[in-house]
Ligand code: SAH
Ligand code: F3S
């Protein structure tokens with residue numbers, strides 16, 4: 001461990017991919033700070049560069065590989081520089097990085113971050129260091145994430161890790177392991193700490209937050225064998241939400257991601273009960289065709305999904321709804337694609353993340369199905385749904401004109417130093433002229449215009 005301030009080794013972390021990775025980078029930073037390392041913004045001046053990586057689609061991995069190549073040159077200039085790969089690519093490719101490709105010095109999977117200081121010691125001794133062991137109970141619950149890069153107003157709070165769903169296209173269950181829920185006491189303690197530092201909004205994070213279940217830790221499948229008392233005292237996601245919303249009335253609360261098969265009416269009722277839980281649900285569906293959903297091993301039909309959407313609209317009128325969609329999954333026909341469009345027209349989402357299917361080695365789709373939709377058709381279908389989503393987003397944004405929104409100021413607008421930017425209840429970015437407000441203020445803004453993604457108003 002390094003102690004002298006001047007001798008502190010400097011590290012920088014570059015994060016790719018999902019919010020969970022950004023949250024994990026804060027955990028890694030906290031672990032390193034505790035062990036006498038010092039965070040550094042400029043990687044040209046760093047002793048250690050860590051890339052927290054994403055494997056979700058091939059394109060993500062290619063981008064990261066390019067970045068790694070660029071560090072080869074930097075390493076030639078500075079022979080003391082150490083490069084580490086963290087996250088999903090580390091887990092997926094393991095020591096291939098070190099042994100076969102000789103690109104990096106350190107490879108650490110998502111459940112092994114507590115071991116990074118030991119692994120760095122190994123690297124100092126001239127050894128390669130790898131730890132990609134997945135855990136049944138690691139949630140980093142007792143680590144206070146160091147909020148480097150934070151705006152000081154909004155923060156991510158992880159509540160579950162891993163995923164048990166095994167969607168056939170998805171690499172996450174392999175790279176992040178089995179689903180585990182975090183001890184609610186440590187969640188409440190972290191939010192308390194954020195409150196005391198002036199944070200005003202938290203996003204509860206997990207691959208599948210609705211399946212949160214605390215009964216003392218460990219894998220969910222063991223719940224069947226838990227004692228009656230443990231079962232009676234267990235805490236579901238809706239109860240956790242209720243607890244947090246009651247305890248932190250001045251904090252805005254968001255959560256992501258919800259899985260249609262796990263989202264219960266209790267969650268919707270809890271959202272309706274508390275003004276401080278934001279009215280936005282990210283509800284990935286992936287396809288509007290039952291045939292494709294079955295091939296994807298999604299555990300719901302289009303009809304189940306539509307019923308859930310109807311329930312959301314009934315219990316939470318005006319709730320923002322967003323989605324993830326994949327085009328060109330194996331065996332997707334023009335008719336399946338038409339059904340996806342039909343579903344989008346039914347829901348009229350406010351926002352969406354849309355992707356071309358990218359075959360991931362090791363997944364069930366890779367093993368059992370042929371990636372048989374030609375690239376050109378995948379692209380055409382993607383463009384069609386993006387275009388439709390843009391239309392829906394624009395129509396939905398227009399509905400806000402003339403209305404008032406509560407906006408939590410997060411930062412200065414990127415486009416104008418005389419404007420603030422923040423999000424409304426439905427997670428839509430709102431920009432308005434600065435007055436006597438400051439970041440962290442909750443402001444009533446009258447909307448008078450919109451772009452394709454943003455609302456514009458006056459306070
Ligand atoms: N439940 C997770 C999903 C993570 S992956 C969450 O927290 O959001 C995010 C999205 O990436 C998925 O919903 C899916 O739409 C997309 N995706 C995952 N694997 C993919 C693949 N192999 N090809 C294309 N898109 C994929
Ligand atoms: Fe992936 Fe499906 Fe889980 S998309 S993260 S396996 S819910």
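Out of 391, 375, I need the residue that is farther than 29 Å from residue 250 by Cβ, surrounded by 13 or more Cβ atoms within 10 Å (Cβ to Cβ) and at pLDDT 95 or above. Which one? Don't jump to the end; show me each part of the working.
Numbers: 375 fails: surrounded by 13 or more Cβ atoms within 10 Å (Cβ to Cβ).
One residue alone meets the criteria, 391.
I'd like to check something: does segment 24-31 contain any residue that is surrounded by fewer than 15 Cβ atoms within 10 Å (Cβ to Cβ) and either touching a strand residue (DSSP E or B) at 6+ places or on another chain (Cβ under 8 Å) or under 26 Å from residue 178 (Cβ atoms) (or both)? Outline the logic, then answer.
Looking only at segment 24-31, we keep the residues that are surrounded by fewer than 15 Cβ atoms within 10 Å (Cβ to Cβ), and these are none.
Among the residues of segment 24-31, not one is surrounded by fewer than 15 Cβ atoms within 10 Å (Cβ to Cβ) and either touching a strand residue (DSSP E or B) at 6+ places or on another chain (Cβ under 8 Å) or under 26 Å from residue 178 (Cβ atoms) (or both), which makes the answer no.
Being in a loop (DSSP other than H, G, I, E, B) and more than 14 Å from ligand 2 (Cβ to nearest atom) is the filter; apply it to segment 152-191 and report the residue that is nearest to residue 295 (Cα to Cα).
My answer is 159.
Among the residues of segment 331-372 satisfying the criterion of being part of a loop (DSSP other than H, G, I, E, B), touching a helix residue (DSSP H, G or I) at 6+ places or on another chain (Cβ under 8 Å) and under 15 Å from residue 287 (Cα atoms), which is farthest from ligand 2 (Cβ to nearest atom)?
Result: 348.
Could you list, in sequence order, all residues of segment 302-330 that are part of a loop (DSSP other than H, G, I, E, B) and either surrounded by 15 or more Cβ atoms within 10 Å (Cβ to Cβ) or in contact (Cβ under 8 Å) with a residue 60 or more places away in the chain (or both)? Step through it out loud before you land on a result.
From segment 302-330, those part of a loop (DSSP other than H, G, I, E, B) are 316-319, 328-330; that's our starting set.
316, 318, 319, 328, 329, 330, listed by residue number.
Going by the structure shown, is residue 275 closer than 23 Å to residue 154 by Cβ and out of contact with any strand residue (DSSP E or B) (no Cβ under 9 Å at 6 or more places or on another chain)?
Working: closer than 23 Å to residue 154 by Cβ: yes; out of contact with any strand residue (DSSP E or B) (no Cβ under 9 Å at 6 or more places or on another chain): yes.
Considered against the rule, which asks whether it is closer than 23 Å to residue 154 by Cβ and out of contact with any strand residue (DSSP E or B) (no Cβ under 9 Å at 6 or more places or on another chain), residue 275 comes out as yes.
Looking at this structure, is residue 318 in contact with a helix residue (DSSP H, G or I) (Cβ under 6 Å, 6 or more places away or on another chain) and over 18 Å from residue 208 (Cβ atoms)? Don't jump to the end; show me each part of the working.
Details: in contact with a helix residue (DSSP H, G or I) (Cβ under 6 Å, 6 or more places away or on another chain): no; over 18 Å from residue 208 (Cβ atoms): yes.
No, not satisfied.
May I ask you to say which residue of 380, 367, 411 is modelled with pLDDT of 95 or more, farther than 30 Å from residue 348 by Cβ and loosely packed, with under 15 Cβ neighbours inside 10 Å? Walk me through it before giving the result.
On the way: 380 fails: farther than 30 Å from residue 348 by Cβ; 411 fails: farther than 30 Å from residue 348 by Cβ.
Criteria check complete, one pass: 367.
If you scan segment 271-290, which residues turn out to be surrounded by fewer than 22 Cβ atoms within 10 Å (Cβ to Cβ) and in a helix (DSSP H, G or I)?
Scanning segment 271-290 gives 272, 273, 290.
List pairs: first residue in segment 166-181 and within 16 Å of residue 329 (Cβ to Cβ) and within 11 Å of ligand 1 (Cβ to nearest atom), second residue at pLDDT 95 or above and part of a strand (DSSP E or B) anywhere in the structure, Cβ distance under 9 angstrom, at least six positions apart or on different chains.
Final answer for the pair search is 167/286; 169/286; 169/326.
Within segment 291-301, restricting attention to residues that are away from ligand 1 (no atom under 16 Å from the Cβ) and free of Cβ contacts under 8 Å to residues at least 24 places away in the same chain, which residue is surrounded by the fewest Cβ atoms within 10 Å (Cβ to Cβ)?
Residues of segment 291-301 that are away from ligand 1 (no atom under 16 Å from the Cβ), as a first pass: 291, 294, 301.
Filter once more, so that each one left must be free of Cβ contacts under 8 Å to residues at least 24 places away in the same chain: 294, 301.
Numbers: 294: 13, 301: 15.
Applying the filter and picking the extreme gives 294.
Name every residue in segment 209-234 that is buried (at least 21 other Cβ atoms within 10 Å of the Cβ) and not in a helix (DSSP H, G or I), in order of residue number. Lay out the reasoning, then the answer.
Here is the first cut: in segment 209-234, the residues buried (at least 21 other Cβ atoms within 10 Å of the Cβ) are 209-212, 214.
Correct list: 212, 214.
Residue check: is residue 67 in contact (Cβ under 8 Å) with a residue 40 or more places away in the chain and over 20 Å from the mean Cα position of the chain (by Cα)? Walk me through it before giving the result.
On the way: in contact (Cβ under 8 Å) with a residue 40 or more places away in the chain: yes; over 20 Å from the mean Cα position of the chain (by Cα): yes.
For residue 67, the condition - in contact (Cβ under 8 Å) with a residue 40 or more places away in the chain and over 20 Å from the mean Cα position of the chain (by Cα) - is met.
The values are calculated or read from the model by the stated rules, or taken from the named source; none is laboratory data. Please read all numbers here as calculations on a predicted model, not as lab measurements. Positions of Cβ are backbone-derived with ideal geometry, glycine not excepted, and every protein chain shown enters the neighbour counts.
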